[in-house]
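Rule-based calculations on the coordinates, nothing more; no lab input. This one's a predicted model, so the numbers in the text were calculated from it and none came from an experiment. Cβ coordinates were reconstructed from backbone atoms using ideal geometry, including for glycine residues, and neighbour counts include every protein chain displayed.
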Amino acid sequence: MPAEVKERQYQGKVHQLSRDLMNAWMAQLARANETGEPTGAIMISGNCVELLRAFDIHPIFPEVTALQNAIRHQSLPLILKAEEVGYSSDSCADVKADMGLFLSGGMGPGTKMPYPTVTLCNYVGCNVYVKWFEHLAAATGSELFMLDVPFLRTSEPTAADVRYVVKQIEELIAVLERISKKKFDIDKLREILRYSVRAEEGYARSKDLCKGSPAPFDSYFDAINMMGPINVLRGTREAADFFDEAVKEFEGMVAEKVGPLSEERFRMVVEGPPPYPYYRSFRNLFTKWGAVAVASTYSTVGGIWEWGFRHDPARPLESIAEQMLTENLTNRSIVARYGQIKRYVEEWKADCLVIHSIKSCRLFSAGQGDMREYFTKELGVPTLLVESDLEDPRYYAEAQLRNRIDAFFESLEHKKLVAA
Amino acid sequence: MKVDQTIERCRELIAEPLGAIAERWKESHPGGRAVACFPVWSPAEVIHAGGMLPLGLLGAGATVELTHADSRFQSFVCSIAKSSLELGFQGLLKGVDGLVFSNICDVARNLSSIYKRNFPHFHVDYLHLAQNSTSGGVADYMADELRRLARGFEEAFGVRVTEPSLAKSIELYNAIRARIRGLYAFRIAEPQKLSTVELYQILRAATQAPPEEALSRLDDLAAELPAREGRPKDRIRVVVEGAFCEQPPLGLLEVLEEAGCYIVEDDLFLGWRWFTSDVPADGDPFRALGQSYVGRAVPSCTRHEGRESRAKGLIEKVRRSRADAVIFTPAKFCEPALFDFVPMRQGLEREGIPQLLVEFEEKMWTFERTRNEIETFVESMLFD
Ligand code: SF4
Ligand code: SF4
């Protein structure tokens, strides 16, 4: 086996900047609790955070809170708390971690996480969202708005789909006006969307730079540094500036031909969310093989910007509707996702596909065996499927994962040698 | 007695593979098309209005061995998704031309596109049924969605779905639903005369036959059931909740009854009796049907009901059917049922209504543990 690959001592700014921005957002939420400013709970997938921002309503992302708790190894007691009141061990653990936070008093007055004033269920693909936000609204007594986004079941959304979503957005605006006691100002929304566009541009450009070899960052493991700013903070000047910095840094790395590892030996596309409770350990299993994700589907749950879609400040509501309907991963069919991955494999010149199947998340996972069939049998792309969870540490079996991953890369390496 | 013969006929019908039923119907309807609907609700009326045969795609129970589908869907996915796909792999849907799925859960959604990919000869449609019940845009949206479905059939099969034919089909299905409501009311009144195992078979057979035939069978039953003999037994009256998609094995329903329960309400075949009252057949029938999906809906785990608490519909069911308790029967891994269990149980607790949780899988075949659990539960209630 060749010399072991190590993670490079990364000196860049992106990671720290992202952390600072996210901390500032959390601090704002904690302050909102004290000052009584309105807050809105919203989901990541194909979100319309700009609308909350247009009314100065602080966005709360329960998914982000749940995942932050997982990465800090604090999710299990929350999950267990929820299971005590009847949540099944077989259902999405993100919901359980969030409801567990509520049940254990970690949300609401006197905590860092306020109750939402409005619970805005952007039902974009994931059916669990509906349940989650029904429960959250009932628990916190907040007003629930169900923004029903028709699933993308035709190649383009139908005119009826667009009309229905725009109509609901108008209805939502009336609710937000009442809650925030502010009049809707379309010019303010346009300005917010201009910041969104800058961030989208930067995120897309960053991903594009991963076509270079070595890729300047790992588009799966490092992408979470960008997923905060693009999904949570989109529409702010800070997020737009962040991506300017990120692009500058990544361009510099491309010029210097440096990537996240000491050597990029395998280029992979990764499908499925990461195991947040064991983020680092899981990453290490790939690092030692010099495997770098050059593209990932998870990084597109909030929006797919790499194919060119941008919000349009000239058509604010319509373009928000379009983004929710088509330009995000979760509102598209799993088979449409095969097409997305295929493009990644081809255009980002990947050697293999790694599917991380998540027990919690049937939206992502149900049917990934079929995906593996397609990539191995029909396209001849070496594909590895491993299973664990994004939130629940009980489903992470490190030894088993290591064996599967080692065997997979050993065989890839062997193929490479034979081909050479 | 004729009732027993009718139920026997239902039993035979549901033992047949869906494809065979479709093929047989096509023999007398040359050039006809059959379209199978995955739970929970599909507008069978739209299919029927195009001269096609609507059928229920309800998984395979324990009748097939999974040889392909379990490599497509992981261990943590419900069985109906796998066995429904397996039916395709084993050619047991040969004769069926179209499949309709809807946004009941993430599994059904993925299954729909995986079906399309693996079996391109099927016309597969995926309906997005409205989850916002209060938007001013919902009726238009639903009408358009049903029209889109109809256009899909027209393009794929060369059929025509006209407004007058849809209005007629709505009337036919209204009649069927009225009969089913009648059977449910009958079972509430005299559960000793109609067991749930029997009602299950009757309903399931109605999803596996031309609606005209189903209606005439239901008419026969309605006429003859009241005269049936049946001595009341010492049982508790229960509502069964959670079996709206994956089908509970008949053995499970049998055990529930034998262990001392009269099932007086349930959510079996919910989609085939979705409307609480008749769908208006005048005006634009697409709009009437679509609007009724939202406005005349039975409470369901797969539809958002505004600010109504999840438990409300269930508690109403308990009261209406004079039930003593609720038995939750979510299919294993069924997220809509498992999530709703939490607020529903809390609601029952607040009302002091006893409840028991019994998970199942369609392929389950031993019920002894379940029998013990239910017997203990029943005893605790009878002798409390
Ligand atoms: S099912 Fe997946 S997308 Fe949906 S809430 Fe759970 S983790 Fe998120
Ligand atoms: S049984 Fe439940 S999880 Fe499975 S397809 Fe039906 S609704 Fe979805």
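Tabulated values for the structure
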{"read-out": "Cα principal axis extents for the protein assembly as shown, largest first, Å", "value": "88, 66, 56"}
{"read-out": "Approximate shape of segment A:100-172 as ellipsoid semi-axes (Cα gyration tensor, √5λ), whole Å, largest first", "value": "30, 13, 8"}
{"read-out": "Charge dipole of segment A:27-164 about the Cα centre (unit charges at C-beta), most positive-ward option of A:THR39, A:PHE61, A:GLN28", "value": "A:GLN28"}
{"read-out": "Two-site label geometry, A:ILE186 and B:ALA62: point separation in nm, points 7 Å out along Cα→Cβ", "value": "6.4"}
{"read-out": "Spatial extent of segment A:20-83: Rg and Dmax, with the Cα atoms as the point set, Å", "value": "13.2, 37"}
{"read-out": "For B:ALA34, distant residues with modelled amide H under 5 Å away", "value": "B:LEU53, B:ASP97, B:GLY98"}
{"read-out": "Cα long-axis angle, helix A:159-180 against chain A (0 to 90 degrees, to the nearest 10)", "value": "60"}
{"read-out": "Under 28 Å from the Cα of A:LYS167 - lysines, other chains or at least 8 residues apart", "value": "A:LYS131, A:LYS181, A:LYS182, A:LYS183, A:LYS188"}
{"read-out": "Helix-derived mean residue ellipticity, 222 nm - over the protein assembly as shown, DSSP H n ≥ 4, -39500 (n - 2.57), to 500", "value": "-15500 deg cm²/dmol"}
{"read-out": "Centroid-to-centroid separation of segment A:335-376 and segment A:167-189 [C-alpha atoms, Å]", "value": "38"}
{"read-out": "Inter-centroid distance (Cα atoms) of segment A:290-318 relative to segment B:280-358, Å", "value": "37"}
{"read-out": "Estimated vicinal HN-Hα couplings, Hz - segment B:119-133 in sequence order (Karplus 6.51, -1.76, 1.60; Gly, Pro = x)", "value": "10, x, 6, 7, 8, 9, 10, 10, 8, 9, 8, 4, 10, 9, 7"}
{"read-out": "Span from the segment A:1-80 Cα centroid across to the segment B:205-226 one, whole angstrom", "value": "57"}
{"read-out": "0 to 90° range, to nearest 10: angle between helix B:368-382 axis and chain B longest Cα axis", "value": "60"}
{"read-out": "Calculated from backbone phi, Karplus (6.51, -1.76, 1.60) coupling profile of segment B:278-286 in Hz, x at Gly/Pro", "value": "4, 6, x, 9, 9, x, 6, x, 5"}
{"read-out": "GNM top mover of A:ILE42, A:ILE224, A:ILE358 - chain A, alpha-carbon springs below 10 Å", "value": "A:ILE224"}
{"read-out": "Sequence-distant residues sharing a close amide H with A:MET113 (under 5 Å, placed H)", "value": "A:GLY108"}
{"read-out": "A:ILE304 long-range amide H proximity, modeled H, under 5 Å", "value": "A:ASN328, A:LEU329"}
{"read-out": "In degrees, nearest ten, helix B:106-118 long axis to first principal axis of chain B (Cα)", "value": "40"}
{"read-out": "Net dipole in debye of segment A:175-325 [+1 Lys, Arg Cβ; -1 Asp, Glu Cβ; about Cα centre; nearest 20]", "value": "360"}
{"read-out": "Size of electric dipole in segment B:159-245: Cβ of Lys, Arg +1 and of Asp, Glu -1, about Cα centre, debye, nearest 20", "value": "260"}
{"read-out": "Where the Cα pairs of segment B:18-161 fall when distances are cut into 10 Å bins, in %", "value": "11, 41, 33, 13, 1"}
{"read-out": "Rounded to 5, the percent of DSSP beta bridges in chain B classed as antiparallel", "value": "5"}
{"read-out": "Nearest-0.05 FRET efficiency for A:LYS415 and B:GLU213, computed from C-beta distance (R0 56 Å)", "value": "0.40"}
{"read-out": "Beta bridges by DSSP in the protein assembly as shown, antiparallel share as percent, to the nearest 5", "value": "5"}
{"read-out": "Signed unit charges on C-beta, dipole axis of the protein assembly as shown, positive-most listed residue B:LEU166, A:SER75, B:GLN346", "value": "A:SER75"}
{"read-out": "B:GLU23-B:ALA227 FRET efficiency (beta carbon distance; Förster radius 35 Å; 0.05 resolution)", "value": "0.45"}
{"read-out": "Size of charge dipole - segment B:83-170 - debye, nearest 20, with Cβ of Lys, Arg +1 and Asp, Glu -1, no other charges", "value": "160"}
{"read-out": "Coarse-grained scattering of chain A at q = 0.13 Å⁻¹, given as base-10 log I(q)/I(0) from a Debye sum over alpha-carbon atoms", "value": "-1.16"}
{"read-out": "Within segment B:18-161, percent of DSSP bridges classed antiparallel, to nearest 5", "value": "0"}
{"read-out": "Derived scalar couplings ³J(HN,Hα) [segment A:256-262; Karplus, 6.51 cos²θ - 1.76 cosθ + 1.60; whole Hz; x for Gly, Pro]", "value": "7, 6, 10, x, x, 10, 5"}
{"read-out": "Listed residue (B:SER84, B:VAL100, B:PRO280) projecting farthest to the positive dipole end of chain B, Cβ model", "value": "B:PRO280"}
{"read-out": "√(5λ) per eigenvalue of the Cα gyration tensor, segment B:117-156, largest first, Å", "value": "26, 12, 4"}
{"read-out": "Restraint check, A:LYS207/A:LYS342; A:LYS248/A:LYS342; A:LYS81/B:LYS317, Cα-Cα greater than 20 Å", "value": "A:LYS248/A:LYS342; A:LYS81/B:LYS317"}
